[in-house]
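Here the structure comes first, spelled out in structure tokens, and everything after it is commentary.
The values are calculated or read from the model by the stated rules, or taken from the named source; none is laboratory data. These figures come from a predicted structure and were not determined experimentally. Counting neighbours? That spans all protein chains shown, and the Cβs are built from the backbone with ideal geometry, glycine included. In case anyone asks, the SASA skips ligands and DNA or RNA and just uses the protein heavy atoms, side chains included. Shrake-Rupley method; radii C 1.70, N 1.55, O 1.52, S 1.80 Å.
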Protein chains: 4
Amino acid sequence: MSFNTFGRVLRFTTWGESHGPALGAVVDGCPPQIALSEADIQPFLDARKPGTSRFTTQRREPDEVRILSGVFEGQTTGTPISLMIENTDQRSKDYSEVAKAYRPGHADYAYDAKYGLRDYRGGGRSSARETAARVAAGAVARKIIPGVQIRGWVSAIGGDTIDEAKFDAAQIGRNPFFCPDAAAAARWEALVDEARKAGSSLGAVVTCEATGVPAGWGAPLYAKLDADLAAGMMGINAVKGVEIGDGFAAAALRGEQNADPMTPGNDGPQFEANHAGGIAGGISTGQPVRVRVAFKPTSSILIPVPTVTRDGHASEIVTKGRHDPCVGIRGVPVVEAMMALVLADHFMLHRAQTGR
Amino acid sequence: MSFNTFGRVLRFTTWGESHGPALGAVVDGCPPQIALSEADIQPFLDARKPGTSRFTTQRREPDEVRILSGVFEGQTTGTPISLMIENTDQRSKDYSEVAKAYRPGHADYAYDAKYGLRDYRGGGRSSARETAARVAAGAVARKIIPGVQIRGWVSAIGGDTIDEAKFDAAQIGRNPFFCPDAAAAARWEALVDEARKAGSSLGAVVTCEATGVPAGWGAPLYAKLDADLAAGMMGINAVKGVEIGDGFAAAALRGEQNADPMTPGNDGPQFEANHAGGIAGGISTGQPVRVRVAFKPTSSILIPVPTVTRDGHASEIVTKGRHDPCVGIRGVPVVEAMMALVLADHFMLHRAQTGR
Amino acid sequence: MSFNTFGRVLRFTTWGESHGPALGAVVDGCPPQIALSEADIQPFLDARKPGTSRFTTQRREPDEVRILSGVFEGQTTGTPISLMIENTDQRSKDYSEVAKAYRPGHADYAYDAKYGLRDYRGGGRSSARETAARVAAGAVARKIIPGVQIRGWVSAIGGDTIDEAKFDAAQIGRNPFFCPDAAAAARWEALVDEARKAGSSLGAVVTCEATGVPAGWGAPLYAKLDADLAAGMMGINAVKGVEIGDGFAAAALRGEQNADPMTPGNDGPQFEANHAGGIAGGISTGQPVRVRVAFKPTSSILIPVPTVTRDGHASEIVTKGRHDPCVGIRGVPVVEAMMALVLADHFMLHRAQTGR
Amino acid sequence: MSFNTFGRVLRFTTWGESHGPALGAVVDGCPPQIALSEADIQPFLDARKPGTSRFTTQRREPDEVRILSGVFEGQTTGTPISLMIENTDQRSKDYSEVAKAYRPGHADYAYDAKYGLRDYRGGGRSSARETAARVAAGAVARKIIPGVQIRGWVSAIGGDTIDEAKFDAAQIGRNPFFCPDAAAAARWEALVDEARKAGSSLGAVVTCEATGVPAGWGAPLYAKLDADLAAGMMGINAVKGVEIGDGFAAAALRGEQNADPMTPGNDGPQFEANHAGGIAGGISTGQPVRVRVAFKPTSSILIPVPTVTRDGHASEIVTKGRHDPCVGIRGVPVVEAMMALVLADHFMLHRAQTGR
């Protein structure tokens, strides 16, 4: 109900700034007796970790997570799980100019307008470093719904879209772009390199799919599964759009094109298509839950942009420091984490109401 | 936190099914001493009302709202405002077939899978009639933020998009499509007529803009203004996608294209563009808040679709009854209502935290 | 999170004033496929109904409940259940004096200070009539936890306490005081009659016990079963104190006196005492859950009390109209309802987290 | 909505076990631009700190708080404030016996019944050490409402009550009992010493008063100021009862005795008494807000109590280790903290709704 907590029954609260001593998440409501250790969480943080290729920010953070509470003798106790990640590679000096003038596209001006002050070092609370806390929380959520497989990938960078016909899940881990289309990955290497060298940045689209979600999760009408996914994804830094299933493309279809015909199956109905993205009326249908998320190009660029200073004078700003040329790439583990958190929450909410 | 309530400080809860005796909303947290009567709410319900043209469902509901509590001597008292709308034109006989088989694209199967039963008459709780309750609640929200102007319109039907260069706000009320482009409205007349006669349906995109929103509303990170808008819009029946500002188009831009350059103004910074849709870091910037919402074509069509019956046999279904050939059209007042409700909530939340 | 909603997973929202057209509750999150009709709710409203003896207010309200949504063919659907009770016996003319001056002990001044206005007719929103909505909601909650038996009684009026040794549950329904001690009931008849004739009023203590609650409901630390019971009970009009188990008496005990010794039983541990009132660490122990609730004497009395008028002048006030000489008596069904609502919510919350 | 979070607009979430590496609180929603450093928080933790006299547990914890986020250049930023206190003096070996058998009166059995496992070291999550996190959060809350003075004291130990006529606020800090009556403090020294030496424990009553609360804070009906105070206090470890104002004593009064007569004052009405404890209809009246809280004697005693082992056999248990002979004494800073947190939350909630 406040500002930094997400979820209904399974809830997590994140805290921390880019350049403070640490950041973290408190995961509350986790079922007891689930095996959990740092080793279950670290791989997801490593996937999101900066500095692993020249296509992401050169900030080097080990992003080592510590579990401070809620686990006893290797098992969750049902009490809050406090996860902490220390910040180690902070260079506050990089941000002296940001203190004086607003970076267009960043939250600088909005924060000042709201709070009357802001922690300008690395974006403070609005830094994408916060997403490390979500990724850690998401790793806990995955353990709650072991039957669900969640897989995300980058489906477009700078308007260059993958060829769905060449989708190969095995490729996702083999290139620095989480790209399932080897040809697209090759093109993106040149594309992102060019933008990086030009001091520019690129937007991206991340697609995420969850399989193994049974029919029945979700709830009308303000706790729809898709409404919660939309809130979760839109709350990620730099996200400007969310689609479920065909999304905006569905708005261009006719009813008979958009229907997902059903046929009898061994275990409930089978669907001949999945325009709906696995959700109807806010409730899962048993099909894969599919979401697409639009990341804008990061506003931290070396190309000068007209702006105003805190004291109201015209200026230009270039954002030095270490930034992602395409923040959407590292968005993949974050989108996956939010998918896991929303699904685990709805699994528990469904169990509360129906006992199943 | 439960299922049918929306909002943080200003909260509303809706109830009611398509074919029950009534439906309604309880608006809680409204500031006191606001002049309010049924006459403030009814025009918005009338705008959403079915049966006003051949392009919407022929169900005829007066949709007359009654205020049952929370108003005394013409003013809000600060206590919950109960709004009720009676259902009058129900024809339960239309839905006998729906009881037996699942309509693909509808929530029929998902409800059965979740609850083990469903009110099949007119979609029950998943009926678009529920949106009448939101529209009524939204009218109350507008009174809380009188300085904000909210305007929605249909910007595409069936893939046919308006020409932004011909945008004329005065046109919106002059055609049955809430269309600001007279030429597009003329085209849509033929388009929707054709679909209606073919027993088909069309998707649509609704755009909504709020002006007069000061900088500073919103909150990091899970109560971002855009995250709450995304949840609110995605919770509307038939919605499959939400964009803030440029949305998915931003994912194809470079950083310098997507920046909204700032220049000094008389009353804070001026912006040279609004790619961000008036929100940065989850907080309003003072620019118009702009959202785009994708409505799928309604799944209630007269064209047969393969399906399964409740007892698992293959079948085909056509959905008779009175349906909207393009449910996105009547979505305009609903999108406006959700915009008003989210903004009023964040106005109050901002006031709670900052006193402004 | 707002102001007129209670509960975590099972939530209800009440609305309505004493002298408006109606009042009601929306119960959200109720499990599906529970048989429910008005006949399940009405007996509890009848138990609370005014005008049944000379010991309660002479206002005569049939308090007939209507289910407006959430039930289909006699079963709950899992969607919100809207319950409405129309007000019929309102006499607004009784309250003219109250409009001008504040009744000490009532919420009159506090409402004016908060909201700048108040519905002075019968106390408006602060009227005990609101408790009818809770009683209706509580009847729904009972159906969710059929294995739990909830029984409340008046254990003291005006400082005259029942003899626990003479506790006879069968007596509770046989006198107008919900009194389990026949001798005390006889004394109270004279006591309350005297107060009523003197234009005064009396406080009371209500005790409520729930049996059949399994060990394990509740949660640390801010959602403790006892913390939620305390909130629920203290939210009832005229309540000024809440105890779990021995309550304040426990504060006068030594550790060895207050311990509830355990011995092996056939179905988990047996307890040799129940000082704890069935709750340890915020979680049920399997013993009866026991709560005591202190009701102050109603402030509506015919004895003049010094006060001030709205415009700040000294005055005296006597509260004419029809009032309960001992509002705690009719508090019994209300306390039972809150017990049922808290327990049903925690049953569901426990199921969400543990699957049991 | 989940289990370890408290508050509506100002919310805090606590985490941590008695014998984990650390414990903490995340305070979310705090207004920006409030001067805050560890030095503002530490004195309150020191007041609660164990090991300061022979009348409290001999566990020695420095309880040094660190602010990990939400403060920049000495001022709150409006983003979540993460507070962490490391555990240093843990002796896990003390608790081997507790692992095998349930301590009557403790949460041991209830936790096992709920979660199927428990962290038995020092009570785990149900340890009174968690209250350190609340005290830290409460220190932040005090800074939000600088005009409110909050003062708590012990008003009874083991049934021996202070003489209200000898109340002297200056005494509270001069004895190890937070006792405002010097004569009572002298008696308690002998009383607590005797219990400690006997391996027993004593219950206590803590009274807390907040002055400077303006009329108008609070809300009907499920967010009443008194209901939230009741929830907050009852959620403290070992608390079994809560009273507002006269509490249970009011249940023995007549209406004319319980009324708080009003007279005109310079700044709104004056009250001639405060039976109501500063709250009417759930809303503050401008009088001191007064609450009484009953602490049971701690169940950790050296006197053997019959119990059962985890595997169901009869046993006896004595709780060795370092325990408070009267846990209510150190409850004073905790009760004050909860008072501050509830009041600050309602100050902000009131501001949200009314702008005042």
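Some observations on this one:
To keep it simple, each residue is scored yes or no on (1) among the hydrophobic types (A, V, I, L, M, F, W, C); (2) on the phi > 0 side of the Ramachandran plot.
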| site | (1), (2) |
| --- | --- |
| B:Asp246 | no, no |
| B:Pro264 | no, no |
| B:Pro269 | no, no |
| B:Ser284 | no, no |
| B:Pro297 | no, no |
| B:Val305 | yes, no |
| B:Val308 | yes, no |
| B:Gly312 | no, yes |
| B:Ile329 | yes, no |
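- Positions within the stretch A:276-321 being over 17 Å from A:Lys100 (Cβ atoms), open to solvent by 40 Å² or more (accessible area, probe 1.4 Å) and in contact with an Asp or Glu (Cβ under 9 Å, 6 or more places away or on another chain), in sequence order: A:Gly286, A:Pro288, A:Arg290, A:Arg292, A:Ile303
- Considered as a group, the residues in the stretch A:322-356 that are over 30 Å from A:Ala101 (Cα atoms) and among the basic types (Lys, Arg) include one that is modelled with the highest pLDDT, and that residue is A:Arg351.
- Qualifying residue in the stretch A:265-275 (condition: at the interface with another protein chain (Cβ under 7 Å from one of its Cβ atoms), at pLDDT 95 or above and surrounded by 21 or more Cβ atoms within 10 Å (Cβ to Cβ)): no
Rundown of residues vs (1) of a type outside the set (Ser, Thr, Tyr); (2) under 21 Å from the mean Cα position of the chain (by Cα); (3) assigned to a strand (DSSP E or B), yes/no style:
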residue: B:Thr56; (1), (2), (3): no, yes, no
residue: B:Thr79; (1), (2), (3): no, no, no
residue: B:Leu83; (1), (2), (3): yes, yes, yes
residue: B:Glu97; (1), (2), (3): yes, no, no
residue: B:Arg103; (1), (2), (3): yes, no, no
residue: B:Tyr111; (1), (2), (3): no, no, no
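- If you go through the stretch A:260-279 and keep only what is closer than 18 Å to A:Phe347 by Cβ and in a strand (DSSP E or B), you end up with just A:Ile279.
- Selection count, the stretch A:190-220, where residues are over 16 Å from A:Asp345 (Cα atoms), more than 7 Å from every other protein chain (Cβ to nearest Cβ) and open to solvent by less than 10 Å² (accessible area, probe 1.4 Å): 5
- Restricting D:Arg11, D:Arg48, D:Arg54 to those that are crowded, with 18+ Cβ neighbours inside 10 Å and either more than 10 Å from chain A (Cβ to nearest Cβ) or modelled with pLDDT under 90 (or both) reduces the list to D:Arg48.
- Put simply, of D:Ala190, D:Ala183, D:Ala128 the only residue that is modelled with pLDDT under 95 and among the hydrophobic types (A, V, I, L, M, F, W, C) is D:Ala128.
- Test for A:Ser69: is it farther than 22 Å from A:Gly173 by Cβ, modelled with pLDDT under 95, open to solvent by less than 20 Å² (accessible area, probe 1.4 Å) and hydroxyl-bearing (Ser, Thr, Tyr): no
- Exactly one residue among C:Ala251, C:Ala223 is part of a helix (DSSP H, G or I), at the interface with another protein chain (Cβ under 7 Å from one of its Cβ atoms), open to solvent by less than 10 Å² (accessible area, probe 1.4 Å) and more than 21 Å from D:Gly255 (Cα to Cα), and that residue is C:Ala251.
- Selection within the stretch C:304-356 - closer than 15 Å to C:Ala215 by Cα and without any contact (Cβ under 8 Å) to a residue 24 or more places away in the chain: C:Arg351, C:Gly355
- Residues (at the interface with another protein chain (Cβ under 8 Å from one of its Cβ atoms) and in contact (Cβ under 8 Å) with a residue 60 or more places away in the chain) located in the stretch B:280-291: B:Gly281, B:Gly282, B:Ile283, B:Ser284, B:Thr285, B:Gly286
- Looking only at the stretch C:57-84, and only at residues there that are polar (S, T, N, Q) and within 14 Å of chain B (Cβ to nearest Cβ), the one that is nearest to B:Asn87 (Cα to Cα): C:Ser69
- Residue check for B:Ala294: more than 8 Å from chain A (Cβ to nearest Cβ) and either aliphatic (A, V, I, L, M) or part of a helix (DSSP H, G or I) (or both): no
- Residue match in the stretch D:150-158 (condition: without any contact (Cβ under 8 Å) to a residue 60 or more places away in the chain and open to solvent by 20 Å² or more (accessible area, probe 1.4 Å)): no
- For the stretch D:84-123, the tally of residues that are at pLDDT below 90, of a type outside the set (Val, Ile, Thr) and open to solvent by less than 20 Å² (accessible area, probe 1.4 Å) stands at 3.
- Annotation for the stretch D:114-121: at least one member residue is within 14 Å of chain C (Cβ to nearest Cβ), more than 23 Å from D:Met338 (Cβ to Cβ) and in contact (Cβ under 8 Å) with a residue 60 or more places away in the chain.
Matching residues to (1) in a loop (DSSP other than H, G, I, E, B); (2) closer than 24 Å to B:Leu221 by Cβ:
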residue: D:Ala25; (1), (2): no, yes
residue: D:Pro32; (1), (2): yes, yes
residue: D:Pro43; (1), (2): no, no
residue: D:Asp46; (1), (2): no, no
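- Among the candidates B:Arg310, B:Arg330, B:Arg254, B:Arg290, residue that is closer than 20 Å to A:Lys114 by Cβ and among the charged types (D, E, K, R): B:Arg290
- Failed item, numbered, when B:Glu17 is tested on (1) touching a strand residue (DSSP E or B) at 6+ places or on another chain (Cβ under 6 Å); (2) within 7 Å of chain C (Cβ to nearest Cβ); (3) acidic (Asp, Glu): (1)
- Residue among B:Ala165, B:Ala170, B:Ala137 that is in a helix (DSSP H, G or I), among the aliphatic types (A, V, I, L, M) and open to solvent by less than 20 Å² (accessible area, probe 1.4 Å): B:Ala137
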